[in-house]
1. So between residue 229 and residue 108, what do we pick up on full extension, going 0.36 nm a residue minus the alpha carbon distance?
2. What order do you get for 265-272, 48-55 when each peptide is scored by the mean count of other beta carbon atoms within 10 Å, highest first?
3. Show me the ranking of peptides 278-288, 5-15 by mean Cβ neighbours inside 10 Å, starting with the highest.
4. Label segment 129-216 by shape, choosing from rounded, prolate and oblate, from the square roots a ≥ b ≥ c of the eigenvalues of the Cα gyration tensor; if a/c is under 1.5 it is rounded, and otherwise prolate applies when a/b is larger than b/c, oblate when it is not.
5. Length gain on complete extension for the stretch residue 19 to residue 48, per 0.36 nm per residue less the alpha carbon to alpha carbon distance?
6. Per Stokes-Einstein, at 4 °C and 1.567 mPa s, what whole-number D in µm² s⁻¹ belongs to segment 228-303, with the Kirkwood radius over Cα pairs as the hydrodynamic radius?
7. When 1/r is averaged over all different Cα pairs and the result inverted, which Kirkwood radius in Å belongs to segment 2-110?
8. Gain in length, residue 89 to residue 160, computed as 0.36 nm per residue apart minus the alpha-carbon separation, to one decimal in nm?
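Computed from the coordinates by the stated procedures, all read-outs in this text should not be read as laboratory data. Owing to the predicted nature of the structure, the values given are computational and were not obtained by experimental measurement. All Cβ positions, glycine included, derive from the backbone under ideal geometry; neighbour counts span all protein chains shown.
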């Protein structure tokens, strides 16, 4: 049985006609052959006659009642649009021709499933396919629509497709699926009741107010470490040792004391420091001082520092000391087993296991590097 979407237009069907006696394919039938009377009947409705007209060729555009031989007993029939209107579940095509038999056919009329929005009101019948599809969609796609306004590379306002509840989408992923900026995604770190969304970093190509977005459950933890305690944007940059964090951080004195803050995106990205002071106003004191100043476009992650080496290479003369230090630490991590401490004095690095008082010089750097250890 053929399926045709409800409210379809310009639909043509193939009609098969045979000889009434020999039951062989009938050839040479035209729109005005004697006794020609084709018709359709919608389920539950009356029979409707079709006024047949000729077609110049099989490639001619659709015309209501158009009729032309295809070959081997098959004929093209252009069925009037009214036959496929919403309100019936099927339509039958039938008819008569003197001395011939028109083989009847039934066409099932289907709902426009794939283009109908999946909502609770239109797809909520228990155990129905529509409801199952809606439930699957809601498990992965939390919202979709068009970007309403663009503030900067990481701040946008969403349209009516988003929920107007503060923090509702924090931790989800916003991805641009169509239009300018398509193919990019970022993690949502702040969300307001005014549907203003803040992302964890700038888009490479900003979307615009014609870009389509989806908000989905973040499928991968994209932070620097699985021990992340907080993430967000720098709210205020005071100096190279003092900053204020945004609302993504806990407002409790000493809460992050001794932890590591890593600047992952934006101005000054790639630096990490030990938190040596923290206030209820979310003010962080870091050590050592940052090499490169940061600003309010910079994103941060705060991670557990236990078991991690916190190193900041700050050469006095050239940049080679930092690269050299990184290579040394990688070799140490690959070679030793157990808790250990590395200390630096001038250009000399020393190493010792935490349960042993013996120290050993492991390398002399080519330039002065300060090493922070834990």
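1. Working: separation 121, 0.36 × 121 = 43.56 nm, distance 5.75 nm.
Stretched fully, the residue 229-residue 108 segment lengthens by 37.8 nm.
2. 265-272, 48-55
3. Numbers: 278-288: 17.3, 5-15: 15.0.
Going from most to least packed, we get 278-288, 5-15.
4. Working: a/c = 1.81, a/b = 1.40, b/c = 1.29.
The shape class here is prolate.
5. Details: separation 29, 0.36 × 29 = 10.44 nm, distance 2.41 nm.
The residue 19-residue 48 span can extend by a further 8.0 nm.
6. Values: Rh = 11.6 Å.
Reported coefficient: 111 µm²/s.
7. Working: mean 1/r = 0.0713 Å⁻¹.
Evaluated on segment 2-110, it is 14.0 Å.
8. Numbers: separation 71, 0.36 × 71 = 25.56 nm, distance 3.43 nm.
Gain on extension, residue 89 to residue 160, equals 22.1 nm.
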